[in-house]
């Protein structure tokens with residue numbers, strides 16, 4: 001945060017669904033306001049306007065900028081207040097410095113306000129969000145929910161197949177996201193029904209969705225069916241559940257495809273999209289996540305700050321002669337860290353990225369550590385690209 005010396009009132013908001021608790025402190029630590037107020041624009045606007053009129057510049061700080069915290073921030077910005085975000089985990093660590101063990105809305109609001117007043121380095125700026133990024137954030141959040149639902153259904157489906165026919169699960173389990181496999185399971189949900197359908201019928205059913213692998217897939221299915229002759233108890237019940245789960249999984253995956261198209265359209269319409277996509281490994285979903293959480297990187301002083309925010313900066317731990325070394329950070333934006341990790345993994349086809357990965361492997365790091373090192377290195381490059389508005393330039397690979 002900068003120019004905090006001009007702030008005359010620090011407002012800490014412990015946001016809630018129906019109402020918020022607001023605590024306002026002057027630079028000297030004197031309370032200017034300490035009450036609950038409803039989550040409605042008129043009351044929020046009245047408070048912010050009153051504090052500005054009486055004291056001057058107001059800084060509004062929340063510990064949850066999205067969802068239930070979106071309206072207070074929008075009203076504060078519209079009334080001319082400055083806004084900032086105190087990460088929830090940081091707030092809880094700071095709360096341990098204050099006396100008492102109670103967990104109340106009033107105490108949390110007071111901690112947020114006092115942290116903004118005395119520890120401004122813990123705050124994060126909240127840049128104004130344009131309509132496209134706000135829509136993108138909402139759609140990406142829904143896509144994340146769909147991804148979690150797809151994983152849950154897929155795990156349930158694989159669990160049922162493993163229970164009744166492990167050999168069949170080994171064939172179909174890794175391919176559950178393929179339309180041909182889901183179509184067969186929707187029509188024939190048990191080993192007996194698959195065998196009864198016959199090879200020719202299954203091939204004709206799978207070929208429109210998998211023209212190259214239809215015959216091989218059906219051959220693998222019948223090979224797996226021949227490996228088990230006993231019928232496990234519960235197979236008949238599973239035959240009723242499997243088609244339903246397969247249909248649900250197909251519907252979720254189809255919905256994700258539609259969502260991906262909308263994400264792609266919104267991403268392409270943003271001025272920074274070409275800069276992001278020019279970097280090897282960054283696709284539609286990872287690019288959208290980076291755009292939402294990083295933007296143009298103007299809120300981060302250096303690339304190291306961005307890496308720390310994403311949880312990619314290693315943490316040094318040293319104590320005497322027994323504990324020495326660096327460990328992965330446990331804090332940070334996990335969704336952003338995952339996006340950087342996936343983008344780094346996808347960039348291994350790029351010669352420069354591959355050379356750096358091989359170098360880390362040669363140094364004795366295992367696969368995940370090498371990918372994290374590559375992701376950290378790419379943060380430096382991406383930060384410079386976003387800061388300068390330049391495209392990625394591939395450089396000759398340096399042998400490990």
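Looking at (1) under 30 Å from residue 296 (Cβ atoms); (2) at pLDDT 90 or above; (3) surrounded by fewer than 18 Cβ atoms within 10 Å (Cβ to Cβ), which one does residue 120 not meet, given that it meets all the others?
Result: residue 120 fails condition (2) only.
Identify, please: which residue in region 11-51 is touching a residue at least 40 places away in the same chain (Cβ under 8 Å) and over 30 Å from the mean Cα position of the chain (by Cα) and is, among those, surrounded by the most Cβ atoms within 10 Å (Cβ to Cβ)? First the steps, then the outcome.
So the first thing to find is which residues in region 11-51 are touching a residue at least 40 places away in the same chain (Cβ under 8 Å), and the list is 11-17, 20-25, 27, 29, 34, 36, 51.
Right, trim to over 30 Å from the mean Cα position of the chain (by Cα) and you get 23-25, 27, 29, 34, 36, 51.
Values: 23: 24, 24: 26, 25: 22, 27: 14, 29: 11, 34: 15, 36: 15, 51: 22.
Among residues in region 11-51 that are touching a residue at least 40 places away in the same chain (Cβ under 8 Å) and over 30 Å from the mean Cα position of the chain (by Cα), the one surrounded by the most Cβ atoms within 10 Å (Cβ to Cβ) is 24.
From the list 260, 264, pick out the single residue that is assigned to a helix (DSSP H, G or I) and free of Cβ contacts under 8 Å to residues at least 24 places away in the same chain.
When all the criteria are applied, what remains is 264.
Does at least one position in region 108-121 carry a residue that is outside any helix (DSSP H, G or I), in the same structural domain as residue 27 (by TED's automatic domain parsing) and in contact (Cβ under 8 Å) with a residue 40 or more places away in the chain?
So far as region 108-121 goes, no, none of its residues is outside any helix (DSSP H, G or I), in the same structural domain as residue 27 (by TED's automatic domain parsing) and in contact (Cβ under 8 Å) with a residue 40 or more places away in the chain.
Report whether or not residue 252 is in a helix (DSSP H, G or I) and either over 17 Å from residue 153 (Cβ atoms) or at pLDDT below 95 (or both).
no
Let's see how each residue does on (1) loosely packed, with under 15 Cβ neighbours inside 10 Å; (2) without any contact (Cβ under 8 Å) to a residue 24 or more places away in the chain; (3) assigned to a helix (DSSP H, G or I); (4) under 31 Å from the mean Cα position of the chain (by Cα):
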{"residue": "177", "(1), (2), (3), (4)": "yes, no, no, yes"}
{"residue": "181", "(1), (2), (3), (4)": "no, no, yes, yes"}
{"residue": "201", "(1), (2), (3), (4)": "no, yes, yes, no"}
{"residue": "210", "(1), (2), (3), (4)": "no, no, no, no"}
{"residue": "215", "(1), (2), (3), (4)": "no, yes, yes, no"}
{"residue": "221", "(1), (2), (3), (4)": "no, no, yes, no"}
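Give the residue that is surrounded by the fewest Cβ atoms within 10 Å (Cβ to Cβ), with candidates limited to residues of region 184-199 that are free of Cβ contacts under 8 Å to residues at least 40 places away in the same chain and in a helix (DSSP H, G or I).
Result: 196.
The values are calculated or read from the model by the stated rules, or taken from the named source; none is laboratory data. From a predicted model like this one, the values you see are computed outputs, not experimental measurements. Note that we place each Cβ from the backbone using ideal geometry, even for glycine, and neighbour counts take in every protein chain shown.
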